[in-house]
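Accompanying notes for the structure given below.
Throughout, read-outs are computed from the coordinates displayed, never taken from laboratory work. As the structure is a computational prediction, the values presented were derived from the model and not from experiment. Don't worry about glycine lacking a Cβ; one is built from the backbone with ideal geometry, like all the others, and counts go over all protein chains shown.
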Amino acid sequence: MDREFTRPAENLGRSTAEYIDLKIDEIKLRTAKGLSITLNRIFLAILFISLGSIVMTATAFGGVLLIGDIIGSYSVGAFIVAGFFLMVMAVLWALRKKLFLGSLVQLFIRLFFEKPDISPADGQIEKYGK
């Protein structure tokens, strides 16, 4: 008699433990997905910045040589190229919120606060390998 009386409580305890385990697994999956996407984007950004820096250095050096040959002074050519990069940097600084900060905030909001996909057939969370 006592066994039949406590059976619903035992079932509730088991169901609660399974639910908590599933929620922990969901959090692990969402964290792994967010971290892998973030690390991938950071790696690509570092790669593109490195390659862009090499191209910009070669272009700047070529510009100094070209302007120096035209004007007759390599130092004046270097100052002209430096002034050009200073103007580009000023434009990027003026547009920093629109170009960089807003897009980064939106990226992290989408990464960490998106809702998981629920399959209607079995009610389980779909795999994150899409």
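Descriptive notes on the structure:
- The Cβ shell under 13 Å around LEU35 holds other residues with a net charge of +4, Lys and Arg each +1, Asp and Glu each -1.
- The local environment of ASP21, defined by Cβ-Cβ distances under 13 Å, has a net charge of 0 under the rule Lys, Arg +1 and Asp, Glu -1.
- Difference of contour (0.36 nm per residue) and Cα-Cα distance, VAL105 to THR38: 22.9 nm
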